[in-house]
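All remarks here apply to the structure that follows.
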Amino acid sequence: KQEVTQIPAALSVPEGENLVLNCSFTDSAIYNLQWFRQDPGKGLTSLLLIQSSQREQTSGRLNASLDKSSGRSTLYIAASQPGDSATYLCAVESGSQGNLIFGKGTKLSVKP
Amino acid sequence: SQTIHQWPATLVQPVGSPLSLECTVEGTSNPNLYWYRQAAGRGLQLLFYSVGIGQISSEVPQNLSASRPQDRQFILSSKKLLLSDSGFYLCAWSRVGNQPQHFGDGTRLSIL
């Protein structure tokens, strides 16, 4: 059974700092891995999707990497801003069509 | 561009009452549709997904049901709500074939 773990559960950093969020999964047989952002009381915003054959994806200040064989992904945020404060969720797609298995998220707080 | 709508945004219902949550997608055709639940302290869990009109797959046994009466409409229902049905319900859509999922703003359901 696929399990997704995100470490740390919460992170507080000063503005301008570069940071890394970690995600690990137990079964390497995945179709893709997705990173989402969730603001309090809101739905999820898709940030990046990495196909199983890819190693990384970039969007603006965000870079996500995938090491499928070791079951790990990282989300790198460069030059963090207070507007980056949110919960970041990692999810892997495996098994049934479209069935995303989510981690519990990392709650990020960027202090001005 | 594509948009996804969920309503209502919040709902307070007594135990034993019925439930109907609606989700519609605009700007695309034949999307895959999903219902997720996010319970307090737990990760997002896929409840139902649909690859076409009238085609519903359930991931977990539960007190809820789903229907897809039209291509871009997805409904989550219950005949009698339980306290354990409380949570944040999210609808999502994706294009067919290893594509990112896009989420609505969610419905916060409280059962009294």
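The values are calculated or read from the model by the stated rules, or taken from the named source; none is laboratory data. Being a predicted model, the structure only gives us computed values, none of them experimental. Reconstructed Cβ throughout: ideal geometry from the backbone, glycine too, with neighbour counts over all protein chains shown. Heavy atoms of the whole protein, side chains included, go into the accessibility calculation; ligands, DNA and RNA do not. Shrake-Rupley method; radii C 1.70, N 1.55, O 1.52, S 1.80 Å.
Worth a mention:
- Surrounding net charge for B:A40, when Lys and Arg each add one and Asp and Glu each subtract one, Cβ distance under 12 Å: +4
- Euclidean distance of C-alpha centroids, region B:1-64 and region A:20-51, integer Å: 19
- Chain-alone versus full-assembly comparison, region B:1-37, residues with accessible loss of at least 30 Å² (1.4 Å probe): B:Y36
- According to the calculation over all Cα-Cα pairs in chain B, the P(r) per 5 Å bin from zero is 2, 13, 24, 26, 19, 10, 4, 1, 0 %.
- Relative contact order of chain B, defined on C-alpha pairs under 8 angstrom at six or more residues apart (%): 36
- Accessible area per residue for chain A is 47 Å², calculated with a 1.4 Å probe on protein heavy atoms, without ligands, DNA or RNA.
- With a Förster radius of 30 Å applied to the C-beta separation of B:Q70 and B:R108, the computed FRET efficiency comes to 0.75.
- Calculated on the Cα set of region B:8-66, radius of gyration then Dmax: 13.2, 37 Å.
- Descending Cα extents along the principal axes, chain A, whole Å: 42, 28, 20
- Taking only protein heavy atoms and a 1.4 Å probe, the accessible area of the protein assembly as shown is 50% carbon and sulfur.
- Comparing B:G27, B:G54, B:G97 in a Gaussian network model of chain B (Cα springs below 10 Å), the most mobile by mean-square fluctuation is B:G97.
- Interface A-B: total buried accessible area of about 1600 Å², 1.4 Å probe, protein heavy atoms only.
- Estimated distance in nm for a label pair at B:A9 and A:S109, the labels positioned 7 Å out from Cα along Cα-to-Cβ: 2.5
- Per residue value of the accessible surface for chain B (all protein chains in place, 1.4 Å probe), Å²: 47
- Over chain A, relative contact order from alpha-carbon pairs under 8 Å, at least 6 apart, %: 37
- Members of A:K1/A:K107; A:K68/B:K80; A:K68/A:K104 lying beyond 31 Å, as alpha-carbon distances in this model show: A:K68/B:K80
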